[in-house]
Amino acid sequence: ITTQKIKDLTTTFKFGAAVKTANLKSESAYDNTFKGEYNQLSAEFEMKMNFIWNSETSYNFTNVDYLVNYAQQNNMTVHGHTLLWYQSFPDWFKNANYDSVAFESKVKVYIETVVGRYKGKIKSWDVANEIFNDDGTMRIESQIQGKFKDPIGFVGRCFKYAAIADPDAKLFYNDYNVVLAAGKRTAMKNMAIRFKNAGIPIHGLGEQFHYRISTSQTQINSGFADLVSSGLLIHLSEIDCKVNTTNSPTYVVNSTDLQKQSDFFKNIVKLYNAIPGNQKFAMTTWGITDKNTWLRDSGNGNKEYPLLFDENYGKKPAYVGFLDGL
Ligand code: XIL
């Protein structure tokens, strides 16, 4: 197995992973793999609103501080994920049923408090995550659809609040299935154009990149080219690739599927590596080891192997595929 490291070869973009504080503290192999192999940190959940915002006036920054310090000590950058996400509004906030004015004023304070606290330390933020459906309409459960006459206008003001709190932070809109869903992609690009025309800073678009070995490479290629035509920074922000495509509880991992997964990684890295240098930001995997991927935690298939390291932190064919793509 290769002694080459992805992070040493990705000189034009960062190589990130989503991590959890508990694993960094409790497992040295996890900790060592992360700091040895990656140079950017995303928090898998600890920088989401429901983990930080305990009540209107109380914030819990313990784990965010830990992760930010950890990154500093290990020469990593930090990507903040995510300020606004319908799944992470705290219950107390949702239950309050604020009207649009109260809703926005609270969210504004939240953004100013969180982005301001980590000014210069968290160098990029997903300001909003998953507000669109695949067809480009707004998600009904987004919390902002129906509340605001112009929900996109509200999102734009949130970008502004973040930019005022940290003028140097790179601000992203993040979503999934972006390269496959033309409607969603167009909505994202149009939103970015609208923001630019209004003088609202938006620096990048994130495509989570949760796919599977059976996802059509041809479709990925054409959607990706269209995404890149936005001219913005591109973050492949939550990459993983399922091998157990039918979520079978009796699936047995095998070398054929792992090789397909390796090819998948090679292809996306090649695609990414070929984009203009000023649009490269980072490629981030959603986790490190197959052992504790969210695809196992969340019951999306208890037999799943979507990442670059196996359960024993061995480099999988997917890791070699990633290197080959560089
Ligand atoms: C997931 C995390 O992996 C879980 O640990 C958490 O409980 C729920 O969120 N899209 C996103 C991520 O933008 O924030 C999600 O992360 C996965 C899907």
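The values are calculated or read from the model by the stated rules, or taken from the named source; none is laboratory data. Note that the structure is a prediction, hence the values are computed from the model and not measured. We place every Cβ from the backbone using ideal geometry, glycine too, and count neighbours over all the protein chains shown.
Can you work out which of the residues in segment 245-262 that are under 22 Å from the mean Cα position of the chain (by Cα) and at pLDDT 95 or above is farthest from the ligand (Cβ to nearest atom)?
Top of the filtered list is S262.
Show the residue pairs that are 6+ apart or on different chains and have beta-carbon atoms under 8 Å apart, the first residue being within segment 115-127 and touching a residue at least 12 places away in the same chain (Cβ under 8 Å) and within 16 Å of K48 (Cβ to Cβ), the second being among the polar types (S, T, N, Q) and within 16 Å of the ligand (Cβ to nearest atom).
Between residues of segment 115-127 that are touching a residue at least 12 places away in the same chain (Cβ under 8 Å) and within 16 Å of K48 (Cβ to Cβ) and residues that are among the polar types (S, T, N, Q) and within 16 Å of the ligand (Cβ to nearest atom), the close pairs are W125/T82; D126/T82; D126/N174; D126/S237; V127/T82.
(1) buried (at least 23 other Cβ atoms within 10 Å of the Cβ); (2) part of a loop (DSSP other than H, G, I, E, B): which one isn't true of G136, the others all being true?
Against the list (1) buried (at least 23 other Cβ atoms within 10 Å of the Cβ); (2) part of a loop (DSSP other than H, G, I, E, B), G136 comes up short only on (1).
Provide a single number: the residues in segment 311-326 that are of a type in the set (D, E, K, R) and either in a loop (DSSP other than H, G, I, E, B) or within 12 Å of the ligand (Cβ to nearest atom) (or both).
2
Mind counting the residues in segment 270-307 that are hydroxyl-bearing (S, T, Y) and surrounded by fewer than 18 Cβ atoms within 10 Å (Cβ to Cβ)?
Looking only at that region, the number is 1.
Among the residues in segment 108-131, are any among the small types (G, A, S) and either within 16 Å of the ligand (Cβ to nearest atom) or buried (at least 17 other Cβ atoms within 10 Å of the Cβ) (or both)?
yes
Looking at segment 293-310, can you tell me whether even one residue there is modelled with pLDDT of 95 or more, part of a loop (DSSP other than H, G, I, E, B) and of a type in the set (D, E)?
Yes; the residues of segment 293-310 include at least one that is modelled with pLDDT of 95 or more, part of a loop (DSSP other than H, G, I, E, B) and of a type in the set (D, E).
Show the residue pairs meeting these rules: Cβ distance below 8 Å; 6+ apart or different chains; first residue within segment 280-292 and farther than 7 Å from F13 by Cα and within 14 Å of the ligand (Cβ to nearest atom); second residue assigned to a helix (DSSP H, G or I) and among the hydrophobic types (A, V, I, L, M, F, W, C).
W286/W294; G287/W294; I288/F34
Picking from S222, S230, S214, which residue would you name as being more than 16 Å from the ligand (Cβ to nearest atom), in a loop (DSSP other than H, G, I, E, B), among the hydroxyl-bearing types (S, T, Y) and closer than 21 Å to K189 by Cα?
Result: S230 is the single residue among S222, S230, S214 that is more than 16 Å from the ligand (Cβ to nearest atom), in a loop (DSSP other than H, G, I, E, B), among the hydroxyl-bearing types (S, T, Y) and closer than 21 Å to K189 by Cα.
Sort through G223, G231 and tell me the only one that's among the small types (G, A, S) and within 16 Å of Y173 (Cα to Cα).
The conditions single out G231.
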